[in-house]
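Working notes for the structure below.
Laboratory data are not the source of any read-out in this text; all were calculated from the coordinates shown. What you are looking at is a predicted structure, and each value in this text was computed from that prediction instead of being measured. Cβ sites come from the backbone with ideal geometry, for glycine too, and all protein chains shown count toward neighbours.
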């Protein structure tokens, strides 16, 4: 029953926030405002519901260190996508035609912030965290990654390659970032930095959702394996490579810090929790 309340609360905020921001996409200032409100409301609801249902401090969204973790995540996300687009550019498949839209980029800040916070709370804060308790870190990472990739198959110009790529470079990598820090702030920052760089800076399609109007007016052409085709650079082989490398790095850090939950330990934790109820 606890899980039901948690999922319902996060899904409700995600749906209301997502629909609201989408409805005002043509107004960048309203999009920025509603995106910011979605972030604040999502964090409040998650903290309140998880704290009440699990009767514990919600340490994964602790205020202490949040700013630094968000900033580090933002830098990682922007640099990661910058490396992807740089490789595509050097192959001649990404072309900049000039400056794009400053107001469009401002609106995308709100839209991408709302998307990053709601998806991280749902897929890493709930799905990964709760599956990890029973099945351990590695199985939870794989399962939550597959679900995250599958959800993106519902997008407008989704492709099977795009769904697989999202599962690897985002689902796995962001779960590993959470495992390494035991904080949702870092994956939230990475998620936002990646999505905003992709749309708000370089002006490319995001997860098959069509063209965006960012700071640069640009276009891509060439092999789908390199550019990602209509799905966008997230389906590029470069995104998968860099995402996989970051996943390995975060898992190494998680192991070094003793944050990996083996399946045997997870089963013992569950058994102990059952006995103490």
The stretch 101-204: spread of alpha-carbon positions along the three principal axes, whole Å, largest first, is 47, 30, 16
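So, by mean Cβ neighbours within 10 angstrom, what's the order for 97-103, 212-218 with the highest one leading?
Put in order of decreasing packing, that is 212-218, 97-103.
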Please check: in the Gaussian network model of the chain (C-alpha springs, under 10 Å), which one of 250, 196, 44 has the largest mean-square fluctuation. 44
Could you compute the FRET efficiency for residue 263 and residue 64, with r as their C-beta to C-beta distance and R0 at 30 Å, rounded to 0.05? 0.45
Just rank 219, 69, fewest to most, by other beta-carbon atoms within 10 angstrom. 219, 69
Where does the chain land at 222 nm, in deg cm²/dmol rounded to the nearest 500, when only DSSP H runs of n ≥ 4 count, each adding -39500 (n - 2.57), divided by all residues? -21500 deg cm²/dmol
Cβ-derived FRET efficiency at R0 22 Å, residue 133 paired with residue 253, nearest 0.05: 0.60
Where q = 0.14 Å⁻¹, what log10 of I(q)/I(0) comes from the Debye formula for the chain, counting one point per Cα? -0.97
Highest-first arrangement of 126-136, 171-181, 140-150, where packing means the average Cβ count within 10 Å: 171-181, 140-150, 126-136
Scattering profile of the stretch 93-158 from the Debye formula, Cα beads only, expressed as log10 I(q)/I(0) at q = 0.23 Å⁻¹, is -0.98
